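Contents: one structure, followed by commentary.
The values are calculated or read from the model by the stated rules, or taken from the named source; none is laboratory data. Because the structure is a prediction, the values reported are computed rather than measured. Neighbour counts run over all protein chains shown; Cβ positions are idealised from the backbone, glycine included.
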Amino acid sequence: MNLDSLLPNLGEWLRGTGPESDVVVSTRIRLARNVVNFPFTNRATHQQKSEIAAKAMEALTKAELPYPLEYLDITNLSALDRQFLVERQLISRELATVLDGPRAVAFDGQECVSIMVNEEDHLRLQVLRSGFALDEAWQDIDRVDDAIEARLGYAFHPQFGYLTACPTNVGTGLRGSVMLHLPALGITKQIDKVFRALQKINLAVRGLHGEGSRAFGDLYQISNQVTLGKSEPKILNEIREVIQTILQYERQARAALLKERKQDEQNRVARAIGTLGSATMITSEETMELLSAVRLGIHLHLLDDLPPTTVNQLFIHTQAAHLQKLMGMPLDGEERNAARAKYLKSKLRELGSTR
Amino acid sequence: MPQLKCQFCDNLATVHLTKIVKGNKAKQEVHLCERCARKHNLIPDQATPHVDLKALLGLLLGPLQHSQPQPLQPAEPLALTCPTCGLKYEQFRAEGRLGCPDDYIAFQATLEPLLERIHRAQVHTGKLPLAIRRGNREAELKDLRKKMKAAAKAENYEDAARLRDLIRQKEATDEPR
């Protein structure tokens, strides 16, 4: 498969049309599973990892899934292609660069489902949904899980549940995470308060690319930490309740911004558009910060005619690997900053002329 | 070395023993005064360069031997090894990753308190694998059929009919997905 064919698509998580999409970017659920009678990936030999990958490929090809999957051997991919898949949230950074030996990913054309092979666990199943859609995502992944299990025995213990390489994932092996855009809580400096409250109830807050990553562009992922002793629906319900509360806070903060400092906000959004459309060098971080202002501007109706999907397109296309693919050549850091600025300028000009 | 007190009385400790287990990661130390060292046969009455190894070991293992079984916080068995993958508990402690599914059994006694700290739970209550769900259903049906036969044999026809209907109803519902 030539990955460049994905370039024009936004992928499910950036579709921008799901429930509560003014605040919730996307919902993701992942399940950690291991194949029975094999050591975990970190202790498996090259030979064993090959066997696991072969078993996984066979199971995934034969599994009764509602959509055909594309199976890619990571070791055959260039560094650029791997980074490209990371940016599209189809694989983890670990699978792309940290781990070694035979490993793979399978995903569908809509980029809703992705299955990583030989990550920390033999299988990491993931379902992505646009907007706030925990139930739908659970139904999807539950079905995918059964379809794969019908072809492949899982390591399971009656007391401990699904057995995982790290005890922090054992039991359900489930991590539900919801990506939120919280600019107003950031502007009104309430965000730390929200996060302190979350930590007390055992939910984790992470940046865009998961564990250890910084929160750029006011994007935060909120996920469960406990995986043992609760049923999947209960875990998801606890996340849901918290997200609903945060949603309310963010919307209240947005309403307050409009009421108390509309002009300031209008100014901030206009300047963001101005910088994006006229800079000649711009980093990915600054782009994300400015796009965050534009995204808020759209939802507060401070901007006319700019659909939220445009922001999502600019967001994904200005990331390093996407940008290099669009330009059709490898670029170093400085060159990328120039190319990014050029791309943004031409895109925004194009949009301006069609308005 | 800071001045240490004898572990048996409050005198200044002048005899310091260190037992090194596997490199120097797990060290056990004993500090005592000369009088207590003699009392425990660590220092022979006549001056010789040797310490009584047997007495030393007895002292190091002492608390486990002469006190009653210790239910509270047994020392983590760092040397515990999984018979399937060969991972030592010590390695798991250092790396944070288990080696194979059987480690959960091999290290059960030490993992349970750890799981309690991480998840505030030790027992899975979520989804069961397809294979187990199918097995449970078969076992349930088998049990019902047995009860139905027993009821019929005891000429308890009302119960038998009720069980027959229940079995039919269960058989008609779809197999677990």
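Figures for the structure shown
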quantity: Filtered residue count, segment B:140-157, keeping only those that are part of a helix (DSSP H, G or I) and either of a type outside the set (Lys, Arg) or within 16 Å of B:ALA172 (Cα to Cα) (or both); calculated: 11
quantity: Residues of segment A:152-211 classified as within 14 Å of another protein chain (Cβ to nearest Cβ) and either touching a strand residue (DSSP E or B) at 6+ places or on another chain (Cβ under 9 Å) or under 27 Å from A:LEU85 (Cβ atoms) (or both), total; calculated: 25
quantity: Every residue from segment B:144-177 that is within 25 Å of A:SER231 (Cβ to Cβ) and surrounded by 11 or more Cβ atoms within 10 Å (Cβ to Cβ); calculated: B:LYS170, B:PRO176
quantity: Boolean, A:ALA96 is farther than 30 Å from A:GLU260 by Cβ and either modelled with pLDDT of 95 or more or within 14 Å of chain B (Cβ to nearest Cβ) (or both); calculated: no
quantity: Single unsatisfied condition, A:ALA104 versus (1) more than 25 Å from A:LEU203 (Cα to Cα); (2) of a type outside the set (S, T, N, Q); (3) facing chain B (nearest Cβ under 8 Å); (4) in contact with a helix residue (DSSP H, G or I) (Cβ under 7 Å, 6 or more places away or on another chain); calculated: (3)
quantity: Lone unmet requirement of (1) out of contact with any helix residue (DSSP H, G or I) (no Cβ under 8 Å at 6 or more places or on another chain); (2) in a helix (DSSP H, G or I) for A:MET329; calculated: (2)
quantity: Residue count for segment A:165-179, restricted to those that are over 19 Å from A:VAL127 (Cα atoms) and either surrounded by fewer than 24 Cβ atoms within 10 Å (Cβ to Cβ) or among the polar types (S, T, N, Q) (or both); calculated: 2
quantity: Among (1) more than 23 Å from the chain's Cα centre (by Cα); (2) surrounded by fewer than 17 Cβ atoms within 10 Å (Cβ to Cβ); (3) not β-branched (Val, Ile, Thr), the one test that A:ARG93 misses; calculated: (1)
quantity: Filter result for the condition that a residue is touching a residue at least 40 places away in the same chain (Cβ under 8 Å) and among the β-branched types (Val, Ile, Thr), over A:ILE91, A:ILE115; calculated: A:ILE115
quantity: Segment B:107-119: number of residues that are touching a helix residue (DSSP H, G or I) at 6+ places or on another chain (Cβ under 8 Å) and of a type in the set (A, V, I, L, M); calculated: 1
quantity: Residue ID - modelled with the highest pLDDT, chosen from residues in segment A:24-68 that are within 28 Å of A:VAL178 (Cα to Cα), exposed (fewer than 14 other Cβ atoms within 10 Å of the Cβ) and within 14 Å of chain B (Cβ to nearest Cβ); calculated: A:GLU64
quantity: Residues of segment B:80-117 satisfying the condition of being on the phi < 0 side of the Ramachandran plot, surrounded by fewer than 18 Cβ atoms within 10 Å (Cβ to Cβ) and at the interface with another protein chain (Cβ under 7 Å from one of its Cβ atoms); calculated: B:LEU114
